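In what follows, a structure is listed as structure tokens, so that the remarks can point back to it.
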Amino acid sequence: MDLRGRTALVTGGGSGIGRAASAPLAAAGALVHVVDREAESAKSVAAAIRGVAHVVDLADAEAVGSLPAGVDVLVNNAGLQHVSPIEEFPPARFALIQQVMVTAPFLLMRQCLPHMYAGGWGRIVNVSSMHGLRASAFKSAYVAAKHGLEGLSKVAALEGAAHGVTSNCVNPGYVRTPLVEGQIAGQAAAHGIPPEEVVSDILLDRSAIKRLIEPDEVAAICLWLCGPHTGYITGASLPVDGGWGAR
């Protein structure tokens, strides 16, 4: 893997999958822009990999527009979650999740694609989820957003093909990240079970491999999609789901 001379931008780069993806991109030679709304997290990761930190709330379209456009590898990773039945789901929270997880990736593609097209090469890696392919109760906003990201990724793949640009989704099951750990209490309340039963009875119920995925495992797929032998893979959704989708 040789990304020397390339520039990457990773959203949600301060923790979880974003943090795990930033390091190997930098190790491959790319200059990595680490985007996160948490200042200390973004700065810590950027300092460790000699990247550039950007403290940005992706719900703010104007702030998204301030991010670099000269990007060769765009990793749309940032996300948030809310667990609630549809009839109780706060509309403002629903809208926020779409803004961060669908609109912000669209805006970033919109401003980065001209640079990719001009250079005849680009990689868009959208960190989706099995919830981009399947649904779960009580996650209407997240499931809707991930399905939207899947469609956006496919359109970018069709439009970018003539310019050497690929666009793909990576679809993990439940990853050991703060986002997943933070929803255990919400899942427990929604399903009426103790928190300790959420991982085994809810999160891993449909997975054949009974463990959470590690962020580094997902990051390895993201990096692979930027390599020399994946130029013909585009418009795809790559399950990293422990057998969830086989059921």
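Read-outs throughout are calculated quantities, based only on the coordinates presented, and are distinct from any laboratory measurement. From a predicted model like this one, the values you see are computed outputs, not experimental measurements. Counting neighbours? That spans all protein chains shown, and the Cβs are built from the backbone with ideal geometry, glycine included.
Dipole magnitude of the range 118-247 about its Cα centre, charges +1 at Lys/Arg Cβ and -1 at Asp/Glu Cβ only, in debye to the nearest 20? Show your work: numbers first, answer last.
Numbers: 10 positive and 11 negative charges, 62 e Å.
In total the dipole reaches around 300 debye.
What ranking, highest mean first, results for peptides 206-212, 3-9 when packing means the other Cβ atoms within 10 Å averaged over each residue? Write down the numbers at each step before the final one.
Values: 206-212: 15.1, 3-9: 19.6.
The densest-packed peptide leads the list: 3-9, 206-212.
Please compute the modelled spin-label separation between SER200 and VAL155, points set 7 Å along Cα→Cβ, answer in nm with one decimal.
4.5 nm
Determine the dipole magnitude for the chain: charges of +1 sit on the beta-carbon of Lys and Arg, -1 on that of Asp and Glu, nothing else is charged, the reference point is the Cα centre, and the result goes in debye to the nearest 20.
Numbers: 18 positive and 21 negative charges, 109 e Å.
It works out to roughly 520 debye.
Which value results when the Cα radius of gyration for the range 1-136 is divided by 2.2 N^0.38 Å?
Working: Rg = 15.2 Å, N = 136, 2.2 N^0.38 = 14.2 Å.
Taking the Cα Rg and dividing by 2.2 N^0.38 Å, one obtains 1.07.
Excluding ILE17 itself, what net charge comes from residues whose Cβ is under 14 Å from its Cβ, given Lys and Arg +1 and Asp and Glu -1? It would help to have the intermediate numbers written out before the result.
Working: positive: ARG19, LYS146, ARG176; negative: ASP36, GLU181, GLU214, ASP216, GLU217.
Summing Lys/Arg as +1 and Asp/Glu as -1 gives -2.
Using a Gaussian network for the chain with springs between C-alpha atoms less than 10 Å apart, which of these wobbles most: GLY122, GLY14, GLY164?
Result: GLY164 has the largest fluctuation of those listed.
Provide, for q = 0.26 Å⁻¹, the log10 of I(q)/I(0) from a solvent-free Debye sum over equal Cα point scatterers in the range 158-227.
Once normalised to I(0) and log-transformed, intensities are -1.16.
Could I have the simple spin-label model distance between VAL55 and ALA92, label points 7 Å from Cα toward Cβ, reported in nm to one decimal?
2.3 nm
If R₀ is 25 angstrom, what is the calculated FRET efficiency for the pair ARG247 and GLU214, using the beta carbon separation as r and rounding to 0.05? Before the final figure, lay out each step's value.
Numbers: r = 22 Å, r/R0 = 0.89.
Approximately 0.65, to the nearest 0.05.
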